[in-house]
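Worksheet: one structure, shown below.
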Amino acid sequence: MQGQPAHAPARAGRTRRPGRHPVRLRHDRQSPARVRAERSVTVVDGVRGGSAGASVLDDIGAWAPVSTPVGTLRLVPVRVERDLPLLVRWMNDPVVAAFWELAGPAAVTERHVRAQLDGDGHSVPCLGVLDGTPMSYWEIYRADLDPLARHYPARTDDTGIHLLIGSPADRGRGLGGTLIRAVADLVLDHRPACPRVVAEPDVRNTPSVAAFLTAGFRFAAEAELPGKRAALMIRDRSLRALL
C-alpha cells in the first residue's frame with residue numbers, strides 16, 4: 001500500500017522543473033519563512049527531528065505521539081544527513097518504485113526531499129516512527145497551496161498526505177489503514193483550521209485506495225494529474241465522528 005505524490009518526478013522525455021513540483025503555485029498568499037528541518041532539533045525515542053512546518057503546517061515536529069492499536073506513532077521531520085540511506089532503500093523497493101518513481105541513486109531521493117525542505121514550507125517530509133522504529137515515510141502538505149489544487153475544488157487549509165510503508169513485512173496486513181487514520185487524526189487535532197484531509201493515490205493502487213477507505217476517507221472523484229489518474233480521497237472534519 002503506497003500513496004505516491006500527486007506529481008511524479010520527471011521521466012526521460014518529460015519536461016519538468018527539478019524537484020517535486022513541475023509548475024509554480026497559483027495562490028496569492030504571504031511568503032512564509034523558509035522552513036528547514038535542522039532548526040530546533042528535538043529528541044524522540046532516540047530519533048532527532050526538527051520543527052519543520054512551523055510557519056505553514058503548525059509545527060509538525062512538535063506534534064505529540066499518538067497511541068494506535070499497533071503501537072505509538074510519531075511523525076519526525078526528515079533530516080537528510082540522518083535519514084537519506086533509509087529513504088533510498090525504501091524508494092528502491094520495486095513495490096514502492098512502481099508508484100513513487102524515485103528509484104535510482106541517492107541523489108534522486110535527496111533531490112525530492114530537499115525540494116520540500118528548501119521550499120516554502122507547504123510540504124513537510126516525515127518519518128513515521130512506530131514504537132521507536134522508523135517504518136514509514138509521510139509527506140504532510142497544504143493541499144490548497146499545492147499544484148493539486150488545480151485539479152479539485154480546494155478549500156483553504158485543506159491538508160494532504162502521501163505515504164509509503166517501508167518494510168515488506170509491514171504491508172498487506174491492514175497496518176496502512178490504521179496509520180492513515182492516526183495521521184489524519186493528528187492533522188485534525190493540531191490544525192484546527194483544516195476542514196479536510198485529502199489524498200490522491202493512483203486509481204490502479206487498489207490497496208492504497210482501500211486503506212484510505214478503511215481510515216475514514218471517502219472517494220470523492222477521479223482526477224487527471226500529471227503522470228497518473230488519481231482517486232481523490234477526502235476525510236471531512238464534519239464527518240470525523242461518523243467515519
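Since every read-out is calculated from the coordinates, none of them should be taken as a lab result. Here the structure is a predicted model, which is why all the values come from computation and not from measurement. As a convention, Cβ positions derive from the backbone with ideal geometry for all residues, glycine included, and neighbour counts pool all protein chains shown.
What the table shows:
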{"quantity": "Residue list for the stretch 60-79, restricted to those being assigned to a helix (DSSP H, G or I) and under 11 Å from Leu127 (Cα atoms)", "calculated": "Gly61"}
{"quantity": "Index of the failed condition, Cys194 passing every other in (1) touching a Gly at 6+ places or on another chain (Cβ under 9 Å); (2) in contact (Cβ under 8 Å) with a residue 40 or more places away in the chain", "calculated": "(1)"}
{"quantity": "Answer residue from the stretch 151-176, given it is of a type in the set (S, T, N, Q) and more than 16 Å from Phe99 (Cα to Cα) and is surrounded by the fewest Cβ atoms within 10 Å (Cβ to Cβ) among those", "calculated": "Thr156"}
{"quantity": "Residues located in the stretch 130-173, provided they are over 19 Å from Leu188 (Cα atoms) and among the hydrophobic types (A, V, I, L, M, F, W, C)", "calculated": "Leu130, Met135, Leu148, Ala149, Leu164, Ile165, Ala169"}
{"quantity": "The stretch 216-239: number of residues that are outside any strand (DSSP E or B) and surrounded by fewer than 15 Cβ atoms within 10 Å (Cβ to Cβ)", "calculated": "2"}
{"quantity": "Every residue from the stretch 80-115 that is closer than 20 Å to Tyr141 by Cβ and either among the charged types (D, E, K, R) or in a strand (DSSP E or B) (or both)", "calculated": "Asp83, Glu101, Glu110, Arg111, Arg114"}
